[in-house]
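Notes follow the structure.
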Amino acid sequence: MDSIPSKRLTFDMIDQWIGALPEPAEFHVSGQAFHEVQLPPLPVEHGLAILDKPVTVLGKSAAYPYGLTDNLIERLTGAGITTVGQLATTDNRTLDQIDYIGDATIKRIREVVYQAIWM
């Protein structure tokens with residue numbers, strides 16, 4: 001993120017990362033300095049944890065200034081969209097049917113959700 005002038009992820013940037021080829025990494029250690037190091041076991045992954053969190057985690061804050069407003073979060077939860085995963089999979093037509101949500105707000109919602117997933 002330090003090399004991104006605006007410090008915000010865009011759809012184009014996400015598409016570039018998703019479409020990028022994997023870059024394998026190799027570690028070469030000479031000597032015995034790290035030979036005895038025991039790595040902890042990796043936790044079992046069950047998917048992206050952010051998808052199970054309530055949409056309130058997407059709210060604007062000092063740590064997340066580009067988040068959703070409290071008013072928008074209230075309208076989403078009032079429409080039955082209570083988790084980030086539900087919001088991510090809700091189609092634009094359904095979002096457009098919620099009061100005071102139009103194309104510009106839908107685009108902003110999508111950007112906030114993508115940023116949350118990639119953080």
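Residues are listed down the side, and each one gets a yes or a no for (1) at pLDDT below 95; (2) part of a helix (DSSP H, G or I); (3) in contact with a helix residue (DSSP H, G or I) (Cβ under 8 Å, 6 or more places away or on another chain):
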residue: 43; (1), (2), (3): yes, no, no
residue: 47; (1), (2), (3): yes, no, no
residue: 64; (1), (2), (3): yes, no, yes
residue: 81; (1), (2), (3): no, no, yes
residue: 98; (1), (2), (3): no, no, yes
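Restricting attention to the range 10-28, and to residues there that are modelled with pLDDT under 70 and open to solvent by less than 90 Å² (accessible area, probe 1.4 Å), which single residue is farthest from residue 114 (Cα to Cα)?
Checking each candidate, the answer is 25.
Those residues that are of a type in the set (A, V, I, L, M) and either open to solvent by 50 Å² or more (accessible area, probe 1.4 Å) or in contact with an Asp or Glu (Cβ under 9 Å, 6 or more places away or on another chain) (or both), I need them from the range 79-119; list them, please.
Passing the criteria: 79, 84, 104, 106, 119.
List, please: which pairs have Cβ atoms under 9 Å, are six or more places apart or on different chains, and start with a residue in the range 82-95 that is under 11 Å from residue 52 (Cα atoms) and end with one that is in a loop (DSSP other than H, G, I, E, B) and open to solvent by 80 Å² or more (accessible area, probe 1.4 Å)?
Here the result reads 83/53; 84/48; 84/53; 85/48; 85/53, each pair linking the range 82-95 to a residue that is in a loop (DSSP other than H, G, I, E, B) and open to solvent by 80 Å² or more (accessible area, probe 1.4 Å).
The values are calculated or read from the model by the stated rules, or taken from the named source; none is laboratory data. Fair warning: this is a prediction, and the values are worked out from it, not measured in the lab. Positions of Cβ are backbone-derived with ideal geometry, glycine not excepted, and every protein chain shown enters the neighbour counts. Just so you know, the surface numbers come from the protein's heavy atoms only, side chains and all, with ligands and any DNA or RNA stripped out. Shrake-Rupley method; radii C 1.70, N 1.55, O 1.52, S 1.80 Å.
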